[in-house]
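Presented below is the structure to which this report refers.
The values are calculated or read from the model by the stated rules, or taken from the named source; none is laboratory data. Worth saying up front: this structure is predicted, and the values here are computed from it rather than measured. Note that we place each Cβ from the backbone using ideal geometry, even for glycine, and neighbour counts take in every protein chain shown. For the accessible areas, the whole protein counts, side chains as well, though only heavy atoms, and no ligand, DNA or RNA atoms are used. Shrake-Rupley method; radii C 1.70, N 1.55, O 1.52, S 1.80 Å.
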Amino acid sequence: MADWQIRVKALLVGGVEKEFQIGTQSDETLGAFREKLADQSHIASSKQRLIFRGQLLRDNTRKMGDAGLRDG
C-alpha cells in the first residue's frame, strides 16, 4: 500500500514537460521508485535523472525519506 503520492515532472525529448503521480512509501528505495516511474512514463529507469532541490539523486539504495522526499 502506498502511503505517499509523489508528483514528478519529467522533461522529455523536444522540451515537452509531462507530470506523473507515483504512489510510494518513505522506506522505499529510489531504485524501486524509478521502476514505478518507468512503468508509468515509459522512460527506462537507466535513462532517468531524479533531481530534488537542485541535487541529483544517484544512489538507488537510498530510501525516499532519507533523501528528504515527502508526500505531495
Go through the stretch 1-60 and count every residue that is among the polar types (S, T, N, Q) and not in a strand (DSSP E or B).
8
Anything in the stretch 1-41 that is closer than 14 Å to GLY65 by Cβ and open to solvent by 80 Å² or more (accessible area, probe 1.4 Å)? List them, or say none.
ASP3, ASP27
Being within 18 Å of ALA67 (Cα to Cα) and either open to solvent by 40 Å² or more (accessible area, probe 1.4 Å) or among the β-branched types (Val, Ile, Thr) (or both) is the filter here; which residues of the stretch 42-57 pass it?
ARG49, ILE51, PHE52, ARG53, GLY54, GLN55, LEU56
